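Novice: I have a structure I would like to understand better, so I am pasting it below and will then ask my questions one at a time.
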Amino acid sequence: MTDNPEEPLIANIQSTEGDQHDGSHDVEHAHESRGGTQHISPPGLFIWLLTFSAGISGLLFGYDTGVISATLVSIGTSLSHRPLTSLDKSVITSCTSLFALLALPFASALADDRGRKRVVLFADTLFIIGALCQAASRTVEVMVIGRSVVGIAIGAASFVTPLYIAELAPATHRGRLVTMNIVFITLGQVVAYVVGWIFGTYGSPETTGWRWMVGLGAVPAVCQVVILLWMPESPRWLVKDGRSQEAREVIAKIAAGDDAQDPSARREVDAVLKSIEIEVREEATAMRLGGAGAGYANGNAVNAWMEAMRELIRVRRNRRALAIACLLQGLQQLCGFNSLMYFSATIFTMVGFSEPTLTSLVVAVTNFAFTLVALVLIDRVGRRRILLWSLPFMIAGLVLAGYGFSFIELPDSEISSPSTTGGQGGAVIILASIMIYVAGYAIGLGNVPWMQSELFSLNVRSVGSGVATATNWSANFVIGLTFLPLMEALSPSWTFVLYAVICAVGYGLIWTVYPETAGLSLEDAATLLEADDWGVR
């Protein structure tokens, strides 16, 4: 884009020569602008408030994925008047991921047609309905319905919230602000385990305790509806919708705050707005010349989504962006992390811990604490480098967990039943190894994939992010449905070794094709994939 006022950033990245490296030089160059070193001021109060209001979706995401762990060990016989089998637990868990996946095409089309904020509000409504349905359920089937409704909400929110934050955030702080959404997710998981432990220990077991656990998921959704009504729409979507003046006002609040009338601040706002307008205009022209503009011209959201899908596949840099985003999102789930979130209490019951939900809280706190570390590092170290540093710790933790399970003798019946022999040393090894694995995940793979919107140009950003998030939920569904059966078929040791092998393959692919995007504007980052080396050199 020859008129892009931030084009020197592209030149800085693409001029880096030499052997393949881990991306640290890219980060340094990305912080240079217009021929000099740019002073990076901290995000203003307004952008933090925006991030907080949107991040409540992450809290809901984390709560609803975390609370099922304590719920599964607390239900007893209160659903369908019988104990839950491994199949019951797998279906109750995996239906959330399945319906999150099914919701994504509709959420993606709706986000392009009606805006990012409206999709978040729609998801909040479903969070409330799903939480109340779960709390009132008397049978396994009704519980599955409630979890499925929550799944639709999670699918929509998990896709649109990081997109919404990324399109609002200043380039120099985008990684940190998108990571805030992950902080909220991990905080939601911690809250879920605390609530699960409180109601599991002090509530009425098998009657009302677990119902409070799932029902309380409606509270953050109500709060978000109230707060988000006062928040603006994404300026990039506003420009795309022909509302540039509204977009200017939003950019001014984000970039300038109280100094909006300062001449230099106005120039900065004009530069950002011009950059967005140029990209929108050039992409609209490209789509029109390619015959891809009819859906937008007719105002048909479904046709527009299909045209954007064709554009996503036809253009080389879009295909590459999709490949990388799907790789990261798939790896985030196929590494097995959410098997710990869904079944951690079941695992710790299996290996002999007397307070499995409380033990699971240790894992959730580790995840939260190291996500805070990622919050500090993500824009300084860079996305690529932080992945290449953290994945070896995940692999080591998984292999060590497999070793620890070799000391545990499990029953021949249900894999989720308590172990038949003590194996206290093995239990300690498993807990320590899981904490190492979770720490590595939280620093890198737990948050970097959600930077996916950086890779896509504006005309396919919503659709591309939706497809990548669909990959996440497809893999999530597979993990949720197969984890306990794999433990029974392969043994726990080999199941964790399998996840380690997947992480090792992912490491090689990331080293090969994932470029550094830290510090670049969304418009500049999308151009990296034009290079023959995918922008990694």
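The values are calculated or read from the model by the stated rules, or taken from the named source; none is laboratory data. Since this is a predicted model, take the numbers as computed values, not measurements. As a convention, Cβ positions derive from the backbone with ideal geometry for all residues, glycine included, and neighbour counts pool all protein chains shown. Protein only, heavy atoms only, side chains kept; ligands, DNA and RNA dropped before computing areas. Shrake-Rupley method; radii C 1.70, N 1.55, O 1.52, S 1.80 Å.
Novice: At what distance in nm do the modelled label points of V222 and A396 sit from each other, each positioned 7 Å from its Cα along Cα→Cβ?
Specialist: The two pseudo-label positions are separated by 4.7 nm.
Novice: Which order do the peptides 500-512, 67-79 come out in when sorted by mean C-beta neighbours inside 10 angstrom, highest first?
Specialist: Descending packing order for the listed peptides: 67-79, 500-512.
Novice: Distance in nm between label sites at V376 and S354, each 7 Å beyond Cα in the beta-carbon direction?
Specialist: It is 3.7 nm.
Novice: So, taking all protein chains as they sit and a 1.4 Å probe, how much accessible area belongs to R314, in Å² rounded to tens?
Specialist: Surface accessible to solvent at R314 totals approximately 120 Å².
Novice: Dividing the alpha-carbon radius of gyration of region 88-187 by 2.2 N^0.38 Å (N being the number of residues), what value is obtained?
Specialist: Rounded to two decimals, the normalised Rg is 1.18.
Novice: Straight-line reach from K274: which lysines have Cα under 22 Å away, leaving out those fewer than 8 places along the same chain?
Specialist: Output for K274: K240, K253.
Novice: Determine the order of D64, D113, D532 by accessible area, beginning with the largest, at a probe radius of 1.4 Å.
Specialist: Heavy-atom accessible area, descending, gives D532, D113, D64.
Novice: 7 Å from Cα along Cα→Cβ at both Q245 and L132: what's the point-to-point distance in nm?
Specialist: Here the modelled spin labels are 4.0 nm apart.
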